[in-house]
Amino acid sequence: MATTLFTQNIIACIWDFDKTLIPGYMQGPLFRRYHVDEATFWAETNKMVETYARRGYRISGEIGYLNHILTYVLAGRMQGLNNRVLRELGAEIEFYPGLPEFFPKLKAAVREKSEYVKHDVQLEHYIVSTGLAEMIRGSVIAPCVEAIWGCEFIESPFQPGFLQQKEFDLNAAAEIAQIGMMIDNTTKTRAIFEINKGTNKNPALDVNARITPEDRRIPFQNMIYIADGPSDIPSFSVVKERGGKAYGVYHPDRPDEFAQNDRLQHTDRIDHYGRADYRDGSETSRWLRLQIQSICDRIVADREGAVAQRVARPPRHLNATPEEEEARRQALLPKQDTFL
């Protein structure tokens, strides 16, 4: 008998990180530790594409900041920087009001009604960021999320001929030396499709494989994507155009970010927007709770409708009327032949 791969009773909140969950950029603690001027670092990074172009090089703007961190390490300006240090620095990241408590509160909200529990409706949080995955893993939000997509560094990269080596030396003083994973605002959409198809849960599934909508783990209409601005338009579009919800947040003290989100709503890039304030009673908290409840109600209605369509009614006794009973009795009497 045919069956589906997943029950599709899961809701996903997919979060950007910088300027969505935190007021600025997560690399702040890294710059403070190594006494690097943050403004100078970003100014250099932003000028890289243009400056290298004058030398005849073409480079990706999105990968520039990762390469520049490696250059700082190579130049001795960030000596000893490795993944362990990045994770430790993640503990210094400060979040917007209401976080991280808001994440488990949303999860608990989908268990508040008995019909949601009956159908085992669940909520999962995911972070998809162009920032550093190890710093996010070291932050207070990490225990509240299902999975994290972000940029990754490699320490002690394999040398030529490593396939012939039987053992590899572990260098405790290793530094980051290569880029292992790069997430930019376009490749974020790949992560969203991985969540949609369930490849992050089932390694046997390939994100590029053709999977029918009913066989995907989290359908797009069960998704909400939350981010801060125009750089997330590819992700907003992927989710919203396929039936999910898109929500923009802005810093309460930044009128330019407010205007930016207003333009996104007027151009139908997002469904709604609000302050990056996740405390109980805030507009953002209320809107997200409302949408999650609406998705829960639809999941329950769809599942109960499917049961009603697929399960036949059992036979039942019928109470005949006196007229019907007399007709049945007459039909059972022996018949006599009549001759004219």
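Quick notes on this structure:
- The stretch 242-306 and the stretch 101-137: distance between their alpha carbon centers, rounded to Å: 15
- Taking other C-beta atoms within 10 Å as the exposure proxy, Val140, Val117, Val300 rank Val117, Val140, Val300 from fewest upward.
- nm² value of the averaged projected area, convex hull over the Cα atoms of the stretch 1-147: 13.2
- Using just its DSSP H runs of length 4 or more, each adding -39500 (n - 2.57), the chain gives a mean residue ellipticity at 222 nm of -11500 deg cm²/dmol after division by all residues.
- Beta bridges by DSSP in the chain, antiparallel share as percent, to the nearest 5: 15
- Helices in the chain that qualify as membrane-span-like (whole DSSP H runs, Cα extent of at least 24 Å along the helix axis, mean Kyte-Doolittle hydropathy of -0.5 or higher) are 283-310.
- Between the beta carbons of Leu74 and Ile233, assuming R0 = 45 Å, the FRET efficiency works out to 0.85 to the nearest 0.05.
- Relative contact order, percent, the chain [alpha-carbon distance under 8 Å, six or more residues apart]: 20
- When the GluC sites (Glu not before Pro) in the stretch 237-306 are filtered for DSSP coil states and for at most 16 other beta-carbon atoms within 10 Å of their beta-carbon, the remaining sites are Glu241.
- Pairwise label distance in nanometres, Glu214 with Ser114, each label 7 Å out on the Cα-Cβ vector: 3.1
- One decimal place: the segment Asp184-Thr51 gains 45.8 nm when fully extended, by the rule 0.36 nm per residue minus the C-alpha distance.
- In a fully extended conformation the segment linking Arg58 and Ala39 would gain 4.4 nm over its present Cα-Cα distance, using 0.36 nm per residue.
- Close Lys pairs in the chain (alpha-carbon distance under 17 Å; sequence gap of 8 or more, or different chains): 7.
- Along the chain, the exposed loop sites are trypsin sites (Lys or Arg not before Pro) outside DSSP states H, G, I, E and B with at most 10 other Cβ atoms within 10 Å, and the longest stretch free of them is 59-165.
- Largest first, the three principal axis extents of the alpha carbons in the chain are 123, 58, 37 Å in whole numbers.
- Length gained when the stretch Arg254-Glu92 is fully extended (0.36 nm per residue, less Cα-Cα span): 56.0 nm
FYI, it's all coordinate maths here, none of it is from the lab. Everything numeric here is computed off the predicted structure, so don't read it as measured data. So basically every Cβ, Gly included, is an ideal-geometry build from the backbone, and we count neighbours across all protein chains shown.
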